[in-house]
Amino acid sequence: MTKLSRDDVLKLARLARISLSDDEIKEFQGQISEILQYISQLQAVDVTGLQPTSQVTGLVNVMREDVIEDYGMSHQDLLRNVPHKQDGLIKVKRMIG
Amino acid sequence: MSQWLAIDEIAAKVQKGELLAADLVEQALRTIHDRKEFQAVIATVAERARERAASIDAAVKNKRKVGRLAGVPFIAKDNFLTFGSETTAASNMLKGFHAPYQATAIERLEAEGAICVAKANLDAFAHGSSTENSDFMVTKNPHDPERVPGGSSGGSAAAVMLDMAPFALGTDTGGSIRLPASFCGAVGLKPTYGLVSRSGVVAMASSLDVIGPLTRTVEDAALVLDVMSGVDTLDSTTIPRDTDSYTKLNTHLKNKKIGIIKEYMGEGLNADVRDRVQAAIDKLQAAEAELVEISLPSLPLALAVYYVICPAEVSSNLSRYDGQRYGHTATDAKNLDESFSKSRDEGFGKEAKRRIMMGTYVLSSGYYDAYYRKAQTVRTKIIQEFAEAFTKVDFLLGPTAPQTAFKIGENASDPMQMYLTDIMTVAANLAGVPAISIPAGEIDDLPVGLQLMAPQRADRALLGIAKATERAIS
């Protein structure tokens, strides 16, 4: 059945933006393969005529007015948890080059 | 016996000035301190709790109206955004995070005078069934410190049974309220999907996540639900609440039709747990409830469906932790891309990473239809079987878990074995139906949980039958 290769795990890690140690890559290779093995039992289930469910209580397109509400928070309050900031802005590393 | 009265009695005494909120807060903080070796609590919210207690006591003294939960201390799982302490979700990723706003559930409880005294431990980001996945510490079961309290709301369930507060809040994505309730001997309520706003709660799997109370009695759970439930414009998935109070309970058992779930009573169920569930069934029958066996043939697929949908939604929800706007950030990254991946590597624990990887896999191009879409479609099949079952019976009954609390470390190295702990709880989340775990005796001093379920939006009826069952089997 589905057995992940080392390259498969590295590809997933890259897609998910997580750098993994060699030990973790090895560990996940086995464990995720085992979980995939378990969930592959779904492949055999007959679902003819059924639609997929993504919302269980039947709500559709819940709309509200697009209005500004004052939560009593300052710019400074909102930046409190930002790791790197400058001049009241969030500072990130260089993106290009 | 608990040192706490029923929640409505505590509030009534505070309203009359017979009890001081300040004393109740001190009593909670003292108990938390005296029992800290169980590691149920990550942090106290002492300063804010004392301030709130003083203002409630002053209001009573000045004959101003105080709320339905006046002075009642509670503990919130640390994935609820709260003022007065950090909100960490028991993760290194959110260590040091100070919430800029509070969860709607917390706001509604505070509006009625309840006082948050502490934040409870959990599996980091609520990923787990034992609270061993906390990045900070392992909570111990109040009945046996060598055993797990269940998870992921293990700190909340343990805190209630250790008498640290009259109630605690948990979240339930695949059983995270009911399983620890079962392992610790508490009452744990998972309401209908959407009945309680999730605004300000760290998201795990958004089509499954619900909020609910952990308490000592069904009546206490009903009161907490009554205060928290209802539409919230900050969570567009919320549904209208009952117009009647959730505390108005119909406890008549006579002629109530209860279906015993065949798939939960067979293979894989510990024989002693089966005996306790059977004993409860016998008592319900003696009280003239009508019990019938009922089959939901696709239930054995529920865990596989869950372990596709849950990691898929987890990987999506956890993508917001990028190390830039809040949360852990890597210090030695050379560029932005490396900052993302190193921050996530350092901030996430093993289980979060495992679920992100799994979710990324089932959502990735080429596998989406085979795994994710297929799981969503089998989910429809399970929902239909619940709907059909509820045309024949009013409620469903079974064990909450196939076993009692296991030893710390017993399943730690085998994630698949750990996932199987949730085998009887995940289906209610997939179907969005309300479910409750109530204590049904003990095996070798370890509690057993009995699970009851009802159709969507029948939360009040579920609480009624649960209260009647609680009375019949105690």
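The values are calculated or read from the model by the stated rules, or taken from the named source; none is laboratory data. Note that this is a predicted model, so its numbers are computed, not measured. Neighbour counts run over all protein chains shown; Cβ positions are idealised from the backbone, glycine included. What goes into the accessible areas is simple: the full protein's heavy atoms, side chains included, and nothing from ligands, DNA or RNA. Shrake-Rupley method; radii C 1.70, N 1.55, O 1.52, S 1.80 Å.
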Subject >> Inter-site label distance for B:Lys61 and B:Asn255 at 7 Å from Cα along Cβ, in nm >> reply: 5.6 nm
**OP:** Pop a pseudo-label 7 angstrom from the Cα along the beta-carbon direction at both B:Ser316 and A:His84 and give the gap in nm to one decimal.
**Re:** 3.1 nm
Subject >> the protein assembly as shown - charge dipole about Cα centre, Lys and Arg +1 at Cβ, Asp and Glu -1, debye rounded to 20 >> reply: 860 debye
Original post:
Out of the stretch B:203-295, which trypsin sites (Lys or Arg not before Pro) are coil in DSSP terms and have no more than 16 other C-beta atoms within 10 Å?
Top reply: B:Lys248, B:Lys254
**OP:** For a quick protection proxy, order the peptides B:59-67, B:130-138 by their average other-Cβ count within 10 Å, most packed first.
**Re:** B:130-138, B:59-67
Original post:
Quick one: putting +1 on the C-beta of Lys and Arg, -1 on the C-beta of Asp and Glu, what dipole do you get for the stretch B:26-111 around its Cα centre, in Debye to the nearest 20?
Top reply: 400 debye
Subject >> Positions from the stretch B:93-128 whose accessible area shrinks by 10 Å² or more when the full protein complex is built, not the chain alone, probe 1.4 Å >> reply: B:Phe97, B:His98, B:Pro100, B:Tyr101
**OP:** Starting with the highest mean, order A:73-85, B:343-355 by the number of other Cβ atoms within 10 Å, averaged over the residues of each peptide.
**Re:** B:343-355, A:73-85
Subject >> Probe 1.4 Å, accessible area per residue of chain B, Å² >> reply: 34 Å²
Subject >> Backbone HN-Hα couplings from phi across the stretch B:68-84 [Karplus 6.51/-1.76/1.60, Hz, Gly and Pro as x] >> reply: 5, 10, 3, x, 7, x, 9, 10, 9, 3, 7, 9, 9, 5, 9, 7, x
**OP:** Cross-chain or 8 or more residues apart, Cα under 19 Å: how many lysine pairs in the stretch B:159-291 fit that? Count them up, please.
**Re:** 6
Subject >> Relative contact order [Cα under 8 Å, 6+ residues apart], the stretch B:222-347, whole percent >> reply: 18 percent
Original post:
Which net charge results for the neighbourhood of B:Arg198, defined as the other residues with beta-carbon distances under 9 angstrom from its beta-carbon, given Lys and Arg at +1 and Asp and Glu at -1?
Top reply: -3
Original post:
What order, most packed first, do the peptides B:68-81, B:288-301 have when packing is the mean number of other Cβ atoms within 10 Å of each residue?
Top reply: B:68-81, B:288-301
Original post:
Which percent of the accessible heavy-atom area of the stretch B:1-125 goes to carbon and sulfur, probe 1.4 angstrom?
Top reply: 50 percent
Subject >> Listing of the stretch B:353-393 residues, each with accessible area lower by at least 40 Å² in the full protein assembly than in the chain alone (probe 1.4 Å) >> reply: B:Lys353, B:Arg354, B:Met357, B:Met358, B:Thr360, B:Tyr361, B:Tyr371, B:Lys374, B:Gln376, B:Thr377, B:Thr380, B:Lys381
Subject >> Accessible surface of the stretch B:149-292 [probe 1.4 Å, protein heavy atoms]: carbon and sulfur percent >> reply: 47 percent
Subject >> Using θ = phi - 60° and Karplus 6.51 cos²θ - 1.76 cosθ + 1.60, couplings along the stretch B:263-275 (whole Hz; Gly, Pro as x) >> reply: 5, 9, 9, x, 4, x, 8, 4, 4, 5, 5, 4, 4
Original post:
With every protein chain left in place, what is the accessible area per residue of chain A in square angstrom, probe 1.4 Å?
Top reply: 74 Å²
Original post:
Farthest toward the dipole's positive end in the protein assembly as shown, which of A:Met73, B:Gln15, A:Gly30, given Cβ charges of +1 (Lys, Arg) and -1 (Asp, Glu) about the Cα centre?
Top reply: A:Met73
Original post:
Within chain A, how many lysine pairs that are 8 or more places apart, or on different chains, have C-alpha atoms less than 22 Å apart?
Top reply: 4
Original post:
the stretch A:5-32: which residues show an accessible-area loss of 10 Å² or more, assembly versus chain alone, 1.4 Å probe?
Top reply: A:Leu12, A:Leu15, A:Ala16, A:Arg17, A:Ile18, A:Ser19, A:Leu20, A:Glu24, A:Glu27, A:Phe28, A:Gln31, A:Ile32
**OP:** Please report the buried accessible area for the interface of A with B, total over both chains, probe 1.4 Å, in Å² to the nearest 100.
**Re:** 5400 Å²
**OP:** Give the ranking of A:Val67, A:Val92, B:Val160 by solvent-accessible surface, highest area first, calculated with a 1.4 Å probe.
**Re:** A:Val67, A:Val92, B:Val160
**OP:** Stick to Cα atoms and the Kirkwood definition of Rh, then tell me Rg/Rh for chain B.
**Re:** 0.96
Original post:
Tell me, what % of the accessible area of the stretch B:311-395 is carbon and sulfur with a 1.4 angstrom probe?
Top reply: 46 percent
